[in-house]
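Step one of this worksheet: look at the structure below.
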Amino acid sequence: DKFAKKHGIEIELMVEKPDDQTDDLKLFKLPLERLDAVERNKNSFLTVPVKLLKNNELLVFAGGKTRTIPADEHEDLGPDIWGFYRVDLGKGEISRTKAIDRSDAAAGLFNIPLVDATVDGKIAAAAFSSTNSKILFVYDTETGEEIFRQTFDETVESGRNLLKLSELRSIALSKDGTKIAIAGLLADYGRGRYKKDPKVFIYDLQTKVMSSEFSIDDGITKIVSFDGKEIIINFEGRAIVKLDAGGGKEIWKTQMPKN
């Protein structure tokens, strides 16, 4: 994680072969140029490890400013470009997926995006946050198809913000890649007051609609696991809880030991 928190920093990994009987670790560096960075955008370039895949590959999210200077200098403040890459940890080879060179006005790289993928790397997701917008994309990395997007912007109805997330906390794709869970803080301005309501949203990627939504009383830090039916959440190191993804009913909860 520490290599994914700054722009312009290449990933360094300690890699051990799955069939290696020794304790030897190999330092593996991922130069930005091999992820399509150029001199112009190196300082803004961002690299985020997404998931260790089952075939000893690493899926990586990477992106930065456009590679060429726009004719209109004011456009240089426009959308960043980004995408997903596969890294063969055994051979050291890097390959582009079909989901690269993507951009959207609401999807800037000033903040670190939330990312996830299925274990085969076929389906990948990225969620972007800015002061005025929160947006989620899901791609088929083999075809490049954008299979889902959801914007959590202000939708005011009867004085209440319905899908205005003040914070995105975590995202997780189901293991079969048919659903995605988004955890965050819902900004509720109802009745002249403001509060942050911790929420989980589940979307069906086949029907493109929300399949469930529920509140969490104890706050949210990270979705640990999501199989489409049950979801495991880490509550800021205080507890781990398993919930029914259909409505948020608690299945079990384990309190974390205090230091």
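List of remarks:
- Figure legend. Inter-residue proximity from region 116-140: first residues under 16 Å from Gly63 (Cβ atoms) and at pLDDT 95 or above, second residues in a loop (DSSP other than H, G, I, E, B) and open to solvent by 10 Å² or more (accessible area, probe 1.4 Å), beta-carbon distance below 7 Å, spacing 6+ or different chains. Indicated pairs: Tyr139/Glu145.
- Looking across region 166-183, just one residue is under 16 Å from Ser130 (Cα atoms) and basic (Lys, Arg), and that is Arg169.
- Residues within region 196-251 that are within 30 Å of Asp140 (Cα to Cα), β-branched (Val, Ile, Thr) and surrounded by fewer than 17 Cβ atoms within 10 Å (Cβ to Cβ), tallied: 4
- If you go through region 225-238 and keep only what is assigned to a strand (DSSP E or B) and over 20 Å from Lys258 (Cβ atoms), you end up with Ser225, Phe226, Glu230, Ile231, Ile232.
- Out of Phe137, Phe148, Phe84, one residue alone is open to solvent by less than 60 Å² (accessible area, probe 1.4 Å), outside any loop (DSSP other than H, G, I, E, B) and closer than 21 Å to Leu32 by Cβ. It is Phe84.
- Check on Lys51, at pLDDT 90 or above and open to solvent by 40 Å² or more (accessible area, probe 1.4 Å): yes
- Test set (1) surrounded by fewer than 18 Cβ atoms within 10 Å (Cβ to Cβ); (2) closer than 16 Å to Leu58 by Cα - Phe110 fails condition number: (2)
- Some residue of region 241-250 being within 19 Å of Lys196 (Cα to Cα) and not in a strand (DSSP E or B): yes
The values are calculated or read from the model by the stated rules, or taken from the named source; none is laboratory data. Only a predicted model underlies this, so the values are computations on that prediction, with no experimental measurement involved. Positions of Cβ are generated from backbone atoms using ideal geometry, with glycine treated the same way; all protein chains shown enter the neighbour counts. Note: accessible area is taken over every heavy atom of the protein model, side chains too, but ligands, DNA and RNA are not part of it. Shrake-Rupley method; radii C 1.70, N 1.55, O 1.52, S 1.80 Å.
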